[in-house]
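J.: Quick one: this structure, given as structure tokens, is what I'll be asking you about.
The values are calculated or read from the model by the stated rules, or taken from the named source; none is laboratory data. Since this is a predicted model, take the numbers as computed values, not measurements. Cβ atoms come from the backbone with ideal geometry, glycine included; neighbour counts cover every protein chain shown. These accessible areas exclude ligands, DNA and RNA; they are computed on the full protein's heavy atoms, side chains included. Shrake-Rupley method; radii C 1.70, N 1.55, O 1.52, S 1.80 Å.
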Amino acid sequence: MKLDYNEKSNLEYNLSKSVGARMTSTFYGYSGFYGEHCLRSSLEYIYAKYLDYMEIGWTYEDKTYLLSNEVRYKPDFLLENGEYVEIKGVFNYQSDLPKIQLFESEYNVKVTIFQEKDLRQLIKDTPFVFEHLKQEWKSHAKVRGMDNFGKRNPMYGVTQSETTKAKIKAKAKARFADPSFKEKFVNSPKRKAYHESRKGKKTGALVPRFILTCEFCQNSFEVIQHKVSKRRFCSKNCSVQAQHGKTSTTNSDIQTLAHTFALDNYETLLSVKLNNLKELFQALQDSIQKENHILDIRTICQIVTGKPCSRKELLYYLREYAQKVRGATAKNKAVELEDKKPLG
Ligand SMILES: [Zn+2]
């Protein structure tokens, strides 16, 4: 089943090379435990399930091998017959293939590479359904680097042996012994940006800002370009304060508008449901906004009814008004929501 990559045409080679290089940097598989093994993708899970079904003994990421070019290589699966299996979602011909070939020749072993299409073929004669296994793994595993902090991390509670800890320590120490590495690490822009951001400082290039003067408090404030024509006040507070000064709580124009609205929409006022009030009053609100520059519905309610209130109170007020004008006497109750539990 070994695939001969040397036979691929140059075009295909270059194509997959560029795709592979782009994908591997952003592609993260789903990690999780299958038995005692922490697998790193749904493809690996599917293969492990296959091996167990076929009763083939296996271990996962058993050992790291040092190659003659100082590159370390850790094959995915080691089967009981001594064969190695590499599971690849995306195969990077430039970096993966030479490493595997070198490993094969230096350790005199065979590595079989399985990609998704090979695994689909492989499990055809088993009762497994590829998509089912994939879903099964996704619901069980976690995307690496996402929702896997603390106890949700598949490696949580896995302790390293003292020798492993010593190895990691020695390796880090050796790295820092190299002055160029140390310099690069300490002065890394990424690391600096991280520490700045921890102090609440903004890093990276900022979109150019424009300085405007607040029409209410006269303080200057910064905005991004597309807000220049929209912002008049430095804060919501200033905007509200400015509105307050301008808006009187009596305005016969607005009252007339509301009364006309009530008579025009008499039938609707009687039948409207209380969860549709926003839509009902939107047209009225829009025309008041256009004519009188008042946005706040509570201010509008205050002007119309004489006291600050909600849309519901406004409805009752307008209904009463319309009934008075039309000479009706029947007092219709608003249609309450059948279910008063909060929506959603
Ligand atoms: Zn201001």
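J.: Working out 0.36 nm times the residue gap between Leu79 and Asp178, then minus their Cα-Cα distance, what length gain in nm do you get to one decimal?
T.: 31.7 nm is the gain from fully extending Leu79 to Asp178.
J.: Considering only protein heavy atoms, with the full assembly of protein chains and a 1.4 angstrom probe, order Cys38, Cys234 by accessible area, largest first.
T.: Cys234, Cys38
J.: So, R0 is 22 Å and r is the distance between the beta-carbons of Ile168 and Thr59; what FRET efficiency does that work out to, to 0.05?
T.: The computed FRET efficiency comes out at 0.50.
J.: Right, next: Taking H placed 1.01 Å from N in the peptide plane, check which residues at least 5 places from Ile113 or on another chain put their amide H under 5 Å from its amide H.
T.: For Ile113, whose amide H was placed from the backbone, the distant partners under 5 Å are Leu3, Glu86.
J.: Under 5 Å between amide hydrogens, which residues at least 5 positions from Cys217 or on another chain qualify, with H placed 1.01 Å from N in the peptide plane?
T.: When sequence neighbours closer than 5 places are left aside, the close amide H contacts are Cys234.
J.: Leaving out ligands, DNA and RNA, and with a 1.4 Å probe, what % of the accessible surface on the range 192-323 is carbon or sulfur?
T.: 50 percent
J.: Quick one: of Lys74/Lys190; Lys63/Lys171; Lys278/Lys312; Lys49/Lys99; Lys74/Lys99; Lys63/Lys110, which pairs are farther than 19 Å apart, Cα to Cα?
T.: Lys74/Lys190; Lys49/Lys99
J.: Tell me, what ³J(HN,Hα) does each residue in the range 212-225 have, in order and in whole Hz, if you take phi through Karplus 6.51 cos²θ - 1.76 cosθ + 1.60 with θ = phi - 60° and put x for Gly and Pro?
T.: 10, 10, 5, 5, 9, 9, 6, 6, 8, 9, 9, 9, 7, 3
J.: Excluding residues on the same chain fewer than 8 positions from Lys202, give the aspartates and glutamates whose Cα lies under 19 Å from its Cα.
T.: Glu222
J.: Calculated FRET efficiency, Thr203 and Lys324, Cβ-Cβ r, R0 45 Å, to nearest 0.05? Don't skip to the answer; put the middle values down first.
T.: Details: r = 64 Å, r/R0 = 1.43.
So the FRET efficiency works out to roughly 0.10.
J.: Once amide H atoms are built 1.01 Å from N in the peptide plane, which residues 5 or more positions from Glu61, or in another chain, come under 5 Å H to H?
T.: Placed amide hydrogens put Phe77, Leu78 under 5 Å from Glu61.
J.: I would also like to ask the following. To the nearest 10 square angstrom, what accessible area does His37 show with a 1.4 Å probe?
T.: Near enough 30 Å² of accessible area.
J.: Also: Please report the spacing between the Cα centers of the range 99-121 and the range 167-220 in Å, no decimals.
T.: Their Cα centres are 42 Å away from one another.
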